[in-house]
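Single-structure report; data block below.
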Ligand SMILES: [Zn+2]
């Protein structure tokens, strides 16, 4: 059997034709499982054809701590992930149109150091907010992240405060901020810009949380409820405003912009 022709769905465990899944926006046609997708693919699905103009696309991270871990180094891992994902960092920002509505877009890249937020991701998000403010455009952020990037220590944690403060200014200025939480949205990203949207949309089944379920269970010594940290659980408990199928994201975001943007 030629390699790469089939893919196993983590939702229903069916073997699926890769091309059939791709044609269906990387959603399982059998059980609706939303596969993780690269930033490039996400942008293609979300914006009007060829309308994305990237900003700060060449911004690359340094290795401020000379960080070494598990027999390798941060520098090596950056190189490997650049090669693997074709991305220079874990977020892409730019200007685009969604169904004819101008937006500033920030999209996370889950295939680059687990979509973690280091210095560059934080700076890019803040640049996107500033641009949205200057141009009076709505800001749309798509999160898919393992959290703050431990390889940059306190520098990455500092970006949680900086992104939150920048978004607070945007909010005071009356800006519209729409967040889309894709699988997974966790850690320092959940604890900062992912949860600060005026409207928070989640994709079906997305893992959304701060610490992992095992850490929480061991800390508070109780059994966690079924479906804990899924998008559906978060909707039920008021952490997200709606769950939207990937095929409906464009029209839902356009509708929200028409309704909320002054
Ligand atoms: Zn499936």
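The values are calculated or read from the model by the stated rules, or taken from the named source; none is laboratory data. In this text the structure is predicted, and so the values were computed from the model without any measurement. Positions of Cβ are backbone-derived with ideal geometry, glycine not excepted, and every protein chain shown enters the neighbour counts.
Of the residues examined, residue 239 is one that is within 19 Å of residue 160 (Cβ to Cβ) and in a loop (DSSP other than H, G, I, E, B). Would you confirm, using the coordinates I've provided, whether residue 225 is part of a loop (DSSP other than H, G, I, E, B), in contact (Cβ under 8 Å) with a residue 60 or more places away in the chain and in the same structural domain as residue 141 (by TED's automatic domain parsing)? The answer is no for residue 225. Among the numbered conditions (1) within 18 Å of residue 46 (Cβ to Cβ); (2) in contact with a helix residue (DSSP H, G or I) (Cβ under 9 Å, 6 or more places away or on another chain); (3) part of a helix (DSSP H, G or I), the only one that residue 189 does not meet is (1). The single residue among 48, 30 that is free of Cβ contacts under 8 Å to residues at least 60 places away in the same chain, surrounded by fewer than 17 Cβ atoms within 10 Å (Cβ to Cβ) and within 16 Å of the ligand (Cβ to nearest atom) turns out to be 30. As a summary of the residue check, residue 42 satisfies the conditions (1) under 20 Å from the mean Cα position of the chain (by Cα); (2) under 20 Å from residue 118 (Cα atoms); (3) not in a loop (DSSP other than H, G, I, E, B) except for the one numbered (2). Condition (residue is more than 16 Å from the ligand (Cβ to nearest atom) and either in contact with a helix residue (DSSP H, G or I) (Cβ under 9 Å, 6 or more places away or on another chain) or modelled with pLDDT under 95 (or both)) applied to the range 4-24: is it met by at least one residue? So far as the range 4-24 goes, yes, one or more of its residues are more than 16 Å from the ligand (Cβ to nearest atom) and either in contact with a helix residue (DSSP H, G or I) (Cβ under 9 Å, 6 or more places away or on another chain) or modelled with pLDDT under 95 (or both).
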